[in-house]
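This report concerns only the one structure given below.
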Amino acid sequence: MLNAKVEKAINDQINAELYSSYLYVAMSNHCSQINLPGAAHWMRMQAVEELTHVSKFSDYINDRQGTVTLGAIDAPPSSWDSPIAIFEESYNHEVMVSGMINALVDVAMSVSDHATVNFLQWFVGEQVEEEASVDEIVQKLKLVGQADGGIFMIDRELAGRALTLPPGTLGA
Ligand code: FEO
């Protein structure tokens, strides 16, 4: 049985993960518009990965005999000033999500819900990876500055991102 405070906090996290996916769909579309197909692909993979986080949280609530409650999802922005602005927003967003996951751990600890604290450890590690992978792209974009050739090369690299699904989600 899931504590009501923990259930509410996980449902709020599901909404944040859905917003994350929505945000990355918007970023992907914008990257397509500014002729960065590799970045568009990278963002699309990220949008799908966020849905796997929704699946993991939903499955967990269901496994604990709780109720998944879906709320409205805020509209994301639809354009950004530059390629680096897109990835900087992505980085800042992931830092915010890491903070939310930490706060979620605090809620679970406050009611001695060890099962949820244990479940959340996967997300604690995942956020370290997410922040690091976006930060690497931001740093590369800073290195090349406005040079079209450099941005083109980074875009080609981003086109190679494969979709990695956490076990037990979306058929993985
Ligand atoms: Fe689901 Fe990007 O954190």
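Report whether or not residue 79 is more than 30 Å from residue 2 (Cβ to Cβ), exposed (fewer than 15 other Cβ atoms within 10 Å of the Cβ) and of a type in the set (S, T, N, Q). In short, yes. So which residues in the stretch 124-149 are at pLDDT below 95 and of a type outside the set (A, V, I, L, M, F, W, C), if there are any at all? Within the stretch 124-149, 145, 146, 148, 149 qualify. Residues considered: 29, 35, 62. Of these, the only one that is open to solvent by 70 Å² or more (accessible area, probe 1.4 Å), more than 30 Å from residue 110 (Cα to Cα) and either within 15 Å of the ligand (Cβ to nearest atom) or in a helix (DSSP H, G or I) (or both) is 29. Close Cβ contacts (under 6 Å, 6 or more residues apart or on different chains) running from residues in the stretch 117-128 that are open to solvent by less than 40 Å² (accessible area, probe 1.4 Å) to residues that are within 11 Å of the ligand (Cβ to nearest atom) and in a helix (DSSP H, G or I) comprise 123/101; 127/98; 127/101. Among residues of the stretch 82-109 being small (Gly, Ala, Ser) and within 10 Å of the ligand (Cβ to nearest atom), the one that is surrounded by the most Cβ atoms within 10 Å (Cβ to Cβ) is 90.
Take the residues of the stretch 117-133 that are over 16 Å from residue 96 (Cβ atoms) and aliphatic (A, V, I, L, M): which is farthest from the ligand (Cβ to nearest atom)? Once the filter is applied, the top-ranked residue is 117.
The values are calculated or read from the model by the stated rules, or taken from the named source; none is laboratory data. Since the structure is predicted, the reported quantities are computational estimates derived from the model, not experimental observations. Virtual Cβ from ideal backbone geometry, glycine too; neighbours counted across all protein chains shown. Side chains included, ligands, DNA and RNA excluded: accessible areas come from the protein's heavy atoms. Shrake-Rupley method; radii C 1.70, N 1.55, O 1.52, S 1.80 Å.
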